Amino acid sequence: MKKICVLGLGYIGLPTAAMFAGNGHIVAGVDVNEDIVAVINNGDIHINEPNLAGRVKEAVAAGKLYAATTPETADAFIISVPTPITAEKRADLSSVCKAAESIVPHLKAGDLVILESTVPPRTTLDILLPILGRSGLCIGDELLVAYCPERVLPGKILEELVNNNRIVGGVDDSSAVAAQNLYASFVRGEIFLTDATTAEMTKLMENTYRDVNIALANEFALISEKAGFNVWDAIYFANKHPRVNIHQPGPGVGGHCIAVDPWFIVESAKGEARLIETARKINDSMPSHVVNLVRQQLQGISDPKIAVLGLTYKANVDDCRESPAVEITARLEQLGYRLGIYDPLAKSKKIVTLAEALRGADLLLLLVNHDDFGFINPSRVARLVRRRSLIDTRRVLDVEAWQKEGFNVTTLGEGIRREDTACSLRDASRVN
Ligand SMILES: NC(=O)c1ccc[n+]([C@@H]2O[C@H](COP(=O)([O-])OP(=O)(O)OC[C@H]3O[C@@H](n4cnc5c(N)ncnc54)[C@H](O)[C@@H]3O)[C@@H](O)[C@H]2O)c1
């Protein structure tokens, strides 16, 4: 049994703390947010993640997990604080630095420090180590330090914490092995050992791979609207090739990982990351494209109202960080459109009920593919809206059902509409 201090009790830190607490360790969770600390000490949670509430309640009741606003002596320290980007698209490492500084007075010989936050390459070596060195402990000899990126999917965090493979990058071999041994208390996936900088880059490359591929899909979507083809069908058929896996287009890329991490490479590669930077810009341009589609649809209508479906950065999560839907709605508001925003999961003061969002609307704008939206009944919607017009940026709605109720349906990336093609591709074109 070890005493572990987890710094940052958010989407990553809290599930990690709960896993260690449920697998034989005592965990002191630390967060600078007093409200979060109070919620956790009460046995509750402040984020929406399946099965987490029960785990935290159990661990707190058993005395295995407690929270505080300051760190304390422990055998291992895990830093999982935010690493957003600045307006200049550079990594903001201030929380990592503050968290590292806060543990320095508590470090003793034999301790292990693991950085889990996503960071630009060399952060562990160039930023974390000098701070930890202020403890006077000899790194590698007396103090073990590793970088271990987190690769879990929100909505499946507990399952993936256990089953995903992990990459552990030590500042030396003994640090890597110590971190591997600690994670082995609950990880069933393989744990691969490497150096800290390679581990940092591994995480960034994973998300950059996704971002660049989404940018390619988005570029195809923009081309389709000019060239007159259906991008969703074209991608579906292209992916029938055994070595092709084109991603899905959409209204932009959000979240605090895929939309952020590629910038960490761009920042550190100084001119070499040309493809990565272009991909970021393409994905960042998609909200403007959606706004233009909306403007075209609403031309000539007086005081139009838009019913927006979805505000989160992706489907079936409550997280709105870097969400393209947030950017699109802000821009539409700036342009003077009245909005009724409905999202069954997002926590935002802007959200209204579905009926309120729809009442008197001139356009439905679907921005997020929450499962719930598939159950919206077009005939009920038809009774509430002023004008039957719909833009689906995710291609999730059943176009025929909406058209049957008199809706004019526009789908992002459908340069040619399915009803215009010689044969119906509807079944073939449903891409999962
Ligand atoms: N959420 C994900 O799906 C995900 C996946 C992989 C990697 N990551 C990375 O993990 C890191 C954490 O992300 P998150 O989503 O858990 O963030 P989060 O914002 O949900 O939680 C971070 C917590 O850290 C706290 N905090 C800030 N400064 C602190 C400090 N000095 N000491 C103690 N606590 C402090 C904040 O109050 C907050 O509660 C980021 O680098 C992120 O990029 C996140």
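Read-outs: derived from the displayed coordinates by stated rules, not from any lab. In this text, all values refer to a predicted model and were calculated from it rather than measured experimentally. Heads up, the Cβs are rebuilt from the backbone with ideal geometry, glycines too, and the neighbour counts pull from every protein chain shown.
Odds and ends about this structure:
- With a threshold of 20 Å on the Cα-Cα distance, the over-threshold entries among 156/349; 314/350; 156/314 are 156/349.
- Within the chain: Cβ-based charge dipole about Cα centre, in debye rounded to nearest 20 (Lys, Arg +1; Asp, Glu -1): 1340 debye
- What the Cβ-Cβ distance of residue 69 and residue 401 gives, at R0 = 45 Å and to the nearest 0.05, is a FRET efficiency of 0.30.
- Placing R0 at 22 angstrom, the Cβ-Cβ distance between residue 205 and residue 237 gives a FRET efficiency of 0.20 after rounding to 0.05.
- Relative exposure of 166, 386, 395, judged by other C-beta atoms within 10 Å (fewest first): 386, 166, 395
- The order of 209, 313, going from fewest to most other C-beta atoms within 10 Å of their C-beta, is 209, 313.
- Under 11 Å, Cβ to Cβ, from residue 337 - net charge with Lys/Arg +1 and Asp/Glu -1: +1
- For the chain, the antiparallel share of DSSP beta bridges with both residues in that region comes to about 10%.
- Ellipticity estimate at 222 nm from DSSP helix runs (n ≥ 4, -39,500 (n - 2.57)) divided over the chain, nearest 500: -11500 deg cm²/dmol
- Separation of alpha-carbon centers, region 156-198 and region 274-332, rounded to whole Å: 37 Å
- Cross-link pairs exceeding 22 Å between alpha carbons, from the set 64/98; 2/57; 226/281: 64/98.
- Pairwise label distance in nanometres, residue 61 with residue 165, each label 7 Å out on the Cα-Cβ vector: 3.8 nm
- Per-residue extension of 0.36 nm, minus the Cα-Cα distance of residue 44 and residue 94, leaves a gain of 15.2 nm for this segment.
- Separation of region 82-100 from region 220-237 is 38 Å, based on Cα centroids.
- Rounded is the label for region 3-189. Its Cα gyration tensor axes, ordered a ≥ b ≥ c, give a/c under 1.5.
- Exposure proxy ranking, count of Cβ atoms within 10 Å, fewest first, for 138, 320: 138, 320
- Positive-end residue of 199, 163, 182, charge dipole of region 143-211 with Cβ unit charges: 163
- Between residue 186 and residue 377, the FRET efficiency from the beta-carbon distance, with R0 = 35 Å, is close to 0.20.
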